[in-house]
Structure formats: C-alpha cells, structure tokens
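The values are calculated or read from the model by the stated rules, or taken from the named source; none is laboratory data. Treat the numbers as computed from the prediction; the structure is a model and nothing was measured. Neighbour counts are summed over all protein chains in view; Cβ atoms, including those assigned to glycine, are modelled from backbone coordinates with ideal geometry.
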Amino acid sequence: KVLRVAMMGLGSYANRVADAMKDCKRAKITGVISGTPTKIKDWQSRFNIPAKNCYNYGNFDAILNNPDIDAVYITTPNALHHSQCLRVAAAGKHVICEKPMAINAKEGREMIEACKKAGVQLLIGYRMHFEANTKEVVRMRRDGEFGKIMFFQGLSGFIIGDPTQWRLNYELAGGGAMMDIGIYSINGARYMIGEDPIWVTAQEVKTDPVKFKEGVDETITFQMGFPSGAIASCLSTYSMNYLDKFYLNGIKGFAEMQPSTGYGPIKSATHKGRLDLPHVTHQTTQMDEMAAIILDGKIPMIPVDGEEGWKDMVIIDAIFEAVKTGKKVEIKYV
Ligand code: NAD
C-alpha cells in the first residue's frame, strides 16, 4: 500500500519534498492545497493530479470526502500550522507538519489533542531522524560506544536575505532564527544526547533591529542541562554563514557532524574514524519511512510524532523566557 499525500502550501520546501517523492516506493503526491491557481496548474501537470484533488485554503475541509488522499503535508509559514492542522484532523486525514510544528507549546499540544480526537496520526517533518549518519551515531551512543555523555555543541545558522520574506515577519514566523534553524540544535541535542533538557539559559544579540523586529530573534546563544548531568552549548543565528555543526562528547569517545543537518551529504566522524555513510535524498527516505509509520505502524528509531515536536516547542518557549528574564529557566514537560 502507498501513502497518498496532498501538499499544502506549494512553496520552496514543498517543491523539494515533491521532487524527492518521485523516488519514493511507499508515498506519492495525489493532491494539492494552494491559494495560487497558477501553481495548482503547474503541479497538476508535473504530478498528474486530477482537478477533483485540488483545493484552496477556503475549501480544503472538503478533503474529508476525498478517498484519494490519506494525509496532508503542511509546508506553509510556521504560524499557520496550528489552525491548518486542526482543520486537516477534523477532515479525518493524517497530518505531516513541517518544523516548527507550531509557534509555541500550547498550540502544539492542541494539535496533538485534535489529531488524537480525530483518530489520525500527527508526524513532524524531522527529516534528520531518518538520515543514515545520524542514526548510526545515535546507535553508537545507545550502545555505549561514547561512554557517559558529557557535552553537546550545536551550531545552526545562515545569513538570511530578503527582509520582506515571511521568515522575518513575526505574524507568520512566530519568531526568528530559533524557530527556523536554531530548532535543529535543540532537536539535535536531544537525539544525540538521548535525553530531554531540564533547564536552559539563553542570551540574545541583535545587531540589526530594523531587519530583525520585535519578536524576531537574530542571534541567540543558549545552554541546556540534561537529567544525567550532560550539558549543551548552542548557537542559533540568521547573521552568520557556515554554521551547521554538531559535536557530541562522551567519556570514551566523540562524534562530529559537519554539515549536520543540511540537505546534502552529511559528513561525520567519530573517535574511531570517518563515518560518511552514503547520501540518500533526505526527503525520499523520510516520506517512505513516514508511510511505513502511518500505514504499517512502524516505530522509527528516533521519534517524529507530535510529542517530539511539542518538546522542542516547550524548549523554545523556555529559551525565549530565559532571554527575556536573563534567568535560568527550569523545563517541565507538562
Ligand atoms: P516558502 O515561502 O517557500 O513557502 C511557503 C508557502 O506557503 C508558499 O507557497 C506560500 O504561498 C504559502 N502560503 C500560504 N499561506 C500563506 C500566507 N498567509 N502567507 C505567506 N505564505 C503563505 O517557505 P518554505 O521554505 O517552503 O517553508 C515552509 C515551511 O517548511 C516552514 O514551516 C519551514 O520551517 C519549513 N521548512 C522545513 C525544512 C526542512 O528541512 N524540514 C526546510 C525548509 C522549510
């Protein structure tokens, strides 16, 4: 059986996912939801989508009655994910939602509850959770090959361009670099260490308050503490290039990945030597694996469910609070 997916929001990432899905064995595009008729036309011809499987933001609740669609993949600006997820769930379709799942933990929780109530699955687009190098490092850590984990460093950033894009608009982005790219260091710290942080401290630096308006973070350094005593030190920024690096340190060894989350080949090494497992387009693997999760109940090595997305939102809420108060913030997952 194949997972039949409708893409919602036909922007740059949707195009990347859809192109990658041409190589999927278990997932295919059967529908679209878009506010732009010309894009719908283009996608119809590229993916052979019949008119009856095309929707806009006003009428997509009618997807309820469409037997050709099993799941909707939400790839719209962050602040729209919550309401769109609730509507997809109410229409009885599984939800695959891009990161960040929402713009705060409260919204994330409501999305989890809505999907539970509707009896549909909610998966978050954490493509790295299916990537071979990442999984091998996680396996080594689980098998104790690094010994007791002491430290993680995550560096996530790039220089953002066009100041008018939605990523720099609080109403649509719900934040700035942290929501978009810093989340990779948060999520990476969690799967690399294998624990969820119990406190954070954080400091914000803003060099350009015109480009990065109120609520849109430019650069944040943050530190996290984990139950075992391990600590993490991370950087999230929209003002520096070449920041895509993870480093994990244990008593008996280490792992480093650079690039660690980019689309291209992940370069990795451990204290035993280079890893550099072969590259497969992340979104191809992700969608085949997500089909297996939804259709067969497969349990992924690193979770991608709503709870996983929600934990990152809880941590982002705590980081923003730590920035605002200048204090160490305890994290409770309730
Ligand atoms: P984008 O701007 O290229 O695409 C967003 C799409 O949403 C556009 O087609 C736009 O027309 C549409 N849209 C619908 N309603 C809109 C509204 N009210 N205002 C503005 N646009 C609206 O952005 P993108 O880079 O494709 O990012 C989309 C989502 O995917 C974001 O949540 C982002 O974090 C996520 N993303 C994830 C990855 C990843 O590697 N997992 C990579 C890139 C983006």
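General remarks:
- Qualifying residue in the stretch 69-85 (condition: outside the structural domain of MET313 (by TED's automatic domain parsing) and more than 26 Å from TYR184 (Cα to Cα)): yes
Yes or no, residue by residue, for (1) more than 22 Å from the chain's Cα centre (by Cα); (2) under 30 Å from THR284 (Cβ atoms):
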site	(1), (2)
GLY157	no, yes
ILE193	no, yes
ALA202	no, no
VAL205	yes, no
TYR238	no, yes
ASP244	no, yes
TYR247	no, yes
GLN258	no, yes
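- Counting only residues that are assigned to a helix (DSSP H, G or I) and in contact with a Cys (Cβ under 7 Å, 6 or more places away or on another chain), the stretch 14-65 holds 2 of them.
- Cross-chain or 6+ apart pairs with Cβ under 6 Å, the stretch 249-263 first and at negative phi, then within 16 Å of the ligand (Cβ to nearest atom) and not in a strand (DSSP E or B): MET257/ILE266; THR261/MET128; THR261/TYR184
- The number of residues in the stretch 196-230 being hydrophobic (A, V, I, L, M, F, W, C), touching a strand residue (DSSP E or B) at 6+ places or on another chain (Cβ under 7 Å) and surrounded by fewer than 17 Cβ atoms within 10 Å (Cβ to Cβ) comes to 3.
- Checking each residue in the stretch 127-145 for being assigned to a loop (DSSP other than H, G, I, E, B) and polar (S, T, N, Q) picks out no residue at all.
- Taking the criterion of being touching a helix residue (DSSP H, G or I) at 6+ places or on another chain (Cβ under 8 Å), more than 11 Å from ALA14 (Cβ to Cβ) and within 11 Å of the ligand (Cβ to nearest atom), the residues of the stretch 71-88 that qualify are PRO77, ASN78, ALA79, LEU80, HIS81.
- Exactly one residue out of ASP162, ASP180 is charged (D, E, K, R) and not in a helix (DSSP H, G or I): that is ASP162.
- Scan of the stretch 25-45 for residues that are surrounded by fewer than 18 Cβ atoms within 10 Å (Cβ to Cβ) and within 15 Å of the ligand (Cβ to nearest atom), ordered by number: GLY35, THR36, PRO37, THR38, LYS39, LYS41, ASP42
- Flag if SER236 is assigned to a strand (DSSP E or B) and either outside the structural domain of VAL138 (by TED's automatic domain parsing) or under 14 Å from PRO100 (Cβ atoms) (or both): yes
- Apart from one condition, GLY174 fits all of (1) away from the ligand (no atom under 16 Å from the Cβ); (2) touching a residue at least 24 places away in the same chain (Cβ under 8 Å); the exception is (1).
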